[in-house]
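The values are calculated or read from the model by the stated rules, or taken from the named source; none is laboratory data. What you see is a predicted model, and the numbers here were worked out from it, not measured in a lab. Neighbour counts are summed over all protein chains in view; Cβ atoms, including those assigned to glycine, are modelled from backbone coordinates with ideal geometry.
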RNA sequence: GGGUAUGUGGCGGAACUGGUAUACGCGUACGCCUCAGAAGCGUAUGGAGCAAUCCUUGGAGGUUCAAAUCCUCUCAUACCCACCA
């Protein structure tokens, strides 16, 4: 069979020209004759050159757009450019090019490249965020937020690179270092604009649940929002000066803390304020060590966030002469400043419970602060679990781990009788009038007949185990004190009495074996704690908690809050969105300041508030580039009057991209941000395809924007996007992530020139499922294989006849159209193409290739290889465009025979061909003719058979 | 440290609600064609074994007539969050 290679360049040009002439891809948004389908992909940043990742993003989404059109949908498949942003400005700084020129030239180049992929995007809907026609409405929306109190000005730290002498955008800081020069970044305080996304935290979280997104994405957003429920508690402050040392003087102020563990309130032994906490300033005059506090505060502010996090040791300083009153115990407890408490989370202050919080424990250890246990974890003893209906009886017990320093071994007891198989440390009850230490010594004497031991350590915590004392019909809750004791050699060991020997055997084991030898989980836990004391974070019952003693900590939690006059609150990790950027190439913030410095919205008639062009953006200035524009200052003076000043910051580009999908509906509208009459029909976006890097920021910001607009009745839906798919990543040929610095970036142009756009598209589609993220190495052989596949399809066009399609071919087509259809629908382009390949084999094997069947095949090929499909469609005499065609109907092929798998005891032993409606008897009869089946069954007779008609027959015989 | 997802040939990956594990492609081997090579075509290709047959979906158990799929434990990898009270 002659395999002539087709001329992909000619075919591509002809097809693209034809589509343009036929104007196939301009969507009539008002067309009500078809169902609307809004297919969105993340619009690109015009970085200049298209890499293979862009192909992966655009060309594969295009497959789906074409498929949906063939399904009779009115598909909106728009494109635009996220054109503001740093690279343009960096190019300007580095090479002295005008950012605008750089950006717009890049866009021109990219438009051409995107066309070359054969994408069916609607260019008439294009939006460019840096066009005044677009950012006029970004500014308008910002002002809507401002009116609603959703845009606020407050003081915040900005990142500053001391080497480049410039302010950095947040996204320019990588791991605490300047993205450009690698220098450690500092923080500076400036007054900046925030969008109060935290007001929507609850709804952003709640509305996530019903979205048909992968759990991963939802979880990532939930983690980002970071809701936690707890209580706000108030700790009144008293001052203790030399004169009032005893009672203290009520200062009439209090520290508000947020805690998720108010159940441990009785264990709060000190309070910590973030060094930046506003209250610190107020406390300074009353504190005995104001200088020390100031010094600590300054030291903290010098440190970057990064340094504070990396620091292993906790630091802090006592607030001298001031105590906080624990609202539960009414006891005064010390107040500290420490930078392990973050001012931006909760109330910027915590109640410290060293016994039950790891961070507080660390701090308390370092500062020698007392710890107070209030929760006792109580595990059921698995060897002797408590029984229902028996009363609980509390009992104090001791556990002693005795070490012989001569051998380094530890004493354990192997129990006999009713406790057979159990191994514990030396243990026993605390008798009336005994202290735990006395009890410990007494048990060593009784059970091991050893005197003269030293107690070297007592565990600061007690834990408990619940077991059943059946002889007393009680459940005992053994409240356990744990000790570490030592003895130097066993010379003094006496005879262990017989009655004790009958109960247990004393064994000496190596330190490393203790943990595995101990059987009760409670004892294991004790051993670990004795070796390394940590905070107890598990739940249990309360002690040292006044009236709440004995109750479960979880169950008593809100009662404790109520008793302490606290308030139930929710807190979020999510911070308000800082949108000010001290950058040039962005959307100007549409605000001016009056002579008093009060911000005012720029009236709508002055929008778009243009980005000035007489700007010096070379680094080295401690302010925003816009401040260097004389034009901007004059503009403000002319419009608003003398003394009025401009806002010099621009908006974060995430603001621009938070609403672009709305603008696509009416990109040129000069009277409104979009055509609102179309929103009801086109929202929410049906399917949004993008990269996983945007799961948290962009998707969350867009959802926030959308909800805010929903509340303003500017959009009709509470959510912007219905389905969302994150695509995978194309790796370089070396299996590493592509990057310019590694030099492994694939330039698709060479491959497109050699194999054609269709082959590159298909290779990318074939590489793996598009509906889940993954990493795929770029493989040249794969592109070539796709080209061969296309060549085979092309070759077939020479063999067409007018004869009707054979049954085999019709069936093959039916199977393919069903599978290719459902797989394409689910973004599983890889298996869709595989089905196309299987069908092609049938065509190649057929003695005659019916033209009609072949044309149906071309329709299925069209979304994947749009150019070749168009060419072959024309060649076979098709009218119009193949892309105007409908998806071929799946002719369900009714087969008169089915292959039934015959199993014996679940193992395949053969197969039989039967009518799908055959009875079990018929199938069994047929199956018993199979040699392998006869052989395996042998003399035995079938016990039962499982028969799934048309599928499987399983004969079950007794195991030999 | 916490959360989520994923573990299937030499590689990318298939297997719908439990019902023929390894579709499709790459790679590899052999053969045909050719003066020769390239291309093309054909055959084979999870492992062991001459074979009958046995083993195989990260590992160990379990449920079931039947498990890649469901359950329990465990190991590994990726991503997200992380001094978040």
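Checked across the range A:826-834, the condition of being more than 9 Å from RNA strand B (Cβ to nearest atom), within 23 Å of residue A:870 (Cα to Cα) and surrounded by fewer than 17 Cβ atoms within 10 Å (Cβ to Cβ) holds for no residue.
Screening the candidates A:207, A:202 for the property of being surrounded by fewer than 17 Cβ atoms within 10 Å (Cβ to Cβ), away from RNA strand B (no atom under 16 Å from the Cβ) and in contact (Cβ under 8 Å) with a residue 40 or more places away in the chain yields one hit, A:207. Within the range A:264-287, can one find any residue that is touching a strand residue (DSSP E or B) at 6+ places or on another chain (Cβ under 7 Å), near RNA strand B (Cβ under 10 Å from one of its atoms) and in a helix (DSSP H, G or I)? Yes.
Do the conditions hold for residue A:669, that is, is it surrounded by fewer than 16 Cβ atoms within 10 Å (Cβ to Cβ) and modelled with pLDDT of 95 or more? Here the answer is yes, as residue A:669 does meet what is asked.
Note on the range A:556-605: residues that are under 30 Å from residue A:91 (Cα atoms) and either free of Cβ contacts under 8 Å to residues at least 40 places away in the same chain or in a strand (DSSP E or B) (or both) total 8. Listed by first and then second residue, the pairs with beta-carbon distance under 7 Å, at least 6 apart or on different chains, first residue in the range A:213-238 and farther than 19 Å from residue A:690 by Cβ, second within 6 Å of RNA strand B (Cβ to nearest atom) and part of a loop (DSSP other than H, G, I, E, B), are A:225/A:573; A:226/A:573; A:228/A:260; A:229/A:260; A:230/A:260. Out of A:782, A:756, A:768, one residue alone is in contact with a strand residue (DSSP E or B) (Cβ under 8 Å, 6 or more places away or on another chain), farther than 21 Å from residue A:852 by Cβ and either within 15 Å of RNA strand B (Cβ to nearest atom) or touching a residue at least 12 places away in the same chain (Cβ under 8 Å) (or both). It is A:768.
Residues checked against (1) within 8 Å of RNA strand B (Cβ to nearest atom); (2) over 22 Å from residue A:566 (Cβ atoms); (3) crowded, with 19+ Cβ neighbours inside 10 Å:
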{"site": "A:330", "(1), (2), (3)": "no, no, no"}
{"site": "A:353", "(1), (2), (3)": "yes, no, yes"}
{"site": "A:368", "(1), (2), (3)": "no, yes, no"}
{"site": "A:373", "(1), (2), (3)": "no, no, yes"}
{"site": "A:383", "(1), (2), (3)": "no, yes, no"}
{"site": "A:387", "(1), (2), (3)": "no, yes, no"}
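Of the numbered criteria (1) within 7 Å of RNA strand B (Cβ to nearest atom); (2) in contact (Cβ under 8 Å) with a residue 12 or more places away in the chain, the one residue A:788 fails is (2). For the residues A:883, A:925, the requirement of being surrounded by fewer than 19 Cβ atoms within 10 Å (Cβ to Cβ) and farther than 25 Å from residue A:801 by Cβ singles out A:925. Scanning the range A:480-502 for residues being at pLDDT 90 or above and more than 19 Å from residue A:410 (Cβ to Cβ) gives a total of 0.
Taken over the range A:430-453, residues that are part of a helix (DSSP H, G or I) and within 15 Å of residue A:413 (Cα to Cα) amount to 7.
For the range A:528-535, the condition holds for no residue, the condition being that it is more than 30 Å from residue A:263 (Cα to Cα) and part of a loop (DSSP other than H, G, I, E, B). Whether a residue is under 20 Å from residue A:757 (Cβ atoms), within 14 Å of RNA strand B (Cβ to nearest atom) and in a helix (DSSP H, G or I) was assessed, and residue A:795 passes this test. Scanning the range A:180-199 for residues that are within 16 Å of RNA strand B (Cβ to nearest atom) and modelled with pLDDT under 90 yields one hit, A:187. Provide a single number: the residues in the range A:829-864 that are touching a strand residue (DSSP E or B) at 6+ places or on another chain (Cβ under 8 Å) and in a helix (DSSP H, G or I). Total satisfying the criteria: 3.
Each row is one residue, and each column tells you yes or no for (1) modelled with pLDDT of 85 or more; (2) in a strand (DSSP E or B); (3) in contact with a strand residue (DSSP E or B) (Cβ under 7 Å, 6 or more places away or on another chain); (4) within 14 Å of RNA strand B (Cβ to nearest atom).
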site: A:886; (1), (2), (3), (4): yes, no, no, no
site: A:911; (1), (2), (3), (4): no, yes, yes, yes
site: A:918; (1), (2), (3), (4): no, no, no, no
site: A:932; (1), (2), (3), (4): no, no, yes, yes
site: A:942; (1), (2), (3), (4): no, no, yes, yes
site: A:947; (1), (2), (3), (4): yes, yes, yes, yes
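Go through the range A:499-520 and give me each residue that's in contact with a strand residue (DSSP E or B) (Cβ under 9 Å, 6 or more places away or on another chain), within 18 Å of residue A:465 (Cβ to Cβ) and in a helix (DSSP H, G or I). If the condition is that a residue be in contact with a strand residue (DSSP E or B) (Cβ under 9 Å, 6 or more places away or on another chain), within 18 Å of residue A:465 (Cβ to Cβ) and in a helix (DSSP H, G or I), then A:514, A:517 are the ones that fit. Restricting the range A:210-234 to residues that are under 30 Å from residue A:330 (Cβ atoms) and within 14 Å of RNA strand B (Cβ to nearest atom) leaves a set whose member that is surrounded by the fewest Cβ atoms within 10 Å (Cβ to Cβ) is A:229.
Based on this model, can you work out whether residue A:809 counts as more than 14 Å from RNA strand B (Cβ to nearest atom), in contact (Cβ under 8 Å) with a residue 12 or more places away in the chain, in contact with a strand residue (DSSP E or B) (Cβ under 7 Å, 6 or more places away or on another chain) and in a helix (DSSP H, G or I)?
Considered against the rule, which asks whether it is more than 14 Å from RNA strand B (Cβ to nearest atom), in contact (Cβ under 8 Å) with a residue 12 or more places away in the chain, in contact with a strand residue (DSSP E or B) (Cβ under 7 Å, 6 or more places away or on another chain) and in a helix (DSSP H, G or I), residue A:809 comes out as yes.
Of all residues in the range A:306-320, those that are more than 28 Å from residue A:240 (Cβ to Cβ) and within 8 Å of RNA strand B (Cβ to nearest atom) have Cβ atoms under 6 Å from Cβ atoms of residues that are at pLDDT 85 or above and not in a helix (DSSP H, G or I), 6 or more apart or on another chain, in A:308/A:339. Residue A:782 passes every criterion in (1) under 24 Å from the mean Cα position of the chain (by Cα); (2) modelled with pLDDT of 85 or more; (3) farther than 25 Å from residue A:212 by Cβ apart from (1).
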